[in-house]
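K.L.:
This is the structure I have questions about; it appears just below.
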Amino acid sequence: MNAQAQSFDDYMAEAQSAADMWDYDEAIAAYDKALKLQPENTEIYFLRGYAKDMYGDRESAVDDYDKAIELHPEDSRIYHARGYAREYIYEYKGAVEDFTKFLELEGDPYVSR
């Protein structure tokens with residue numbers, strides 16, 4: 001398919017297919033293309049951050065998670081993912097803050113309601 005004819009959905013499908021095959025470098029490239037079409041799409045920042053995280057580029061993953069949180073601060077999964085990424089790069093205080101925010105948004109599963 002001609003690159004100019006590809007749509008947002010095509011890039012997202014390409015990224016998901018690459019991620020499913022653990023080809024995170026290709027997934028990141030496809031997410032980059034999708035972001036050019038929808039630069040304010042929270043889900044792309046979250047998914048590209050996850051792909052970068054799995055690729056081992058955790059600092060850049062945190063940057064994507066930061067942007068996703070800026071766009072959608074009530075999405076608990078982003079705090080959860082960023083917390084793990086921060087833990088891997090030894091940002092323990094930030095990781096604890098993220099996990100705390102995740103529990104604030106989701107509720108603690110170990111506390112009866």
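K.L.:
Which angle between 0 and 90 degrees, to the nearest 10, do you get for helix 58-71 versus the longest principal axis of the chain when only C-alpha atoms count?
P.N.:
The helix 58-71 is inclined about 80 degrees to the chain.
K.L.:
Another question, then. Using the Cβ atoms and a cut-off under 11 Å, what net charge is assigned to the surroundings of Lys93, where Lys and Arg are +1 and Asp and Glu are -1? Write out the running numbers ahead of the final one.
P.N.:
Working: positive: Arg86; negative: Glu87, Glu91, Glu97, Asp98.
That works out to -3.
K.L.:
List the GluC sites (Glu not before Pro) within the stretch 4-113 that DSSP assigns to loop and that have no more than 14 neighbouring Cβ atoms inside 10 Å. Write out the running numbers ahead of the final one.
P.N.:
On the way: sites: Glu14, Glu26, Glu40, Glu43, Glu59, Glu70, Glu74, Glu87, Glu91, Glu97, Glu104, Glu106; in loops: Glu40, Glu74, Glu91.
Sparse-neighbourhood loop GluC sites (Glu not before Pro): Glu40, Glu74.
K.L.:
Length gain on complete extension for the stretch Asp66 to Tyr84, per 0.36 nm per residue less the alpha carbon to alpha carbon distance? Write down the numbers at each step before the final one.
P.N.:
Values: separation 18, 0.36 × 18 = 6.48 nm, distance 1.33 nm.
Extending this stretch completely gives an extra 5.2 nm.
K.L.:
Using DSSP to define loop residues, name the chymotrypsin sites (Phe, Trp or Tyr not before Pro) in the stretch 3-104 whose beta-carbon has at most 12 other beta-carbon atoms within 10 Å.
P.N.:
Working: sites: Phe8, Tyr11, Trp22, Tyr24, Tyr31, Tyr45, Phe46, Tyr50, Tyr55, Tyr65, Tyr79, Tyr84, Tyr88, Tyr90, Tyr92, Phe99, Phe102; in loops: Trp22, Tyr90.
The qualifying sites are Trp22, Tyr90.
K.L.:
With everything on Cα atoms, drop me the angle between helix 42-55 and the longest principal axis of the chain, reported from 0 to 90° to the nearest 10.
P.N.:
90
K.L.:
If you average the sequence gap of Cα pairs under 8 Å that are 6 or more apart and divide by the length of the chain, what percent do you get for the contact order?
P.N.:
Values: 127 pairs, mean separation 18.7, N = 113.
This gives 17 percent for the chain.
None of the figures in this text is laboratory data; all of them are computed from the coordinates on show. Because the structure is a prediction, the values reported are computed rather than measured. For neighbour counting, all protein chains shown are included, and Cβ atoms are generated from backbone atoms with ideal geometry for every residue, glycine included.
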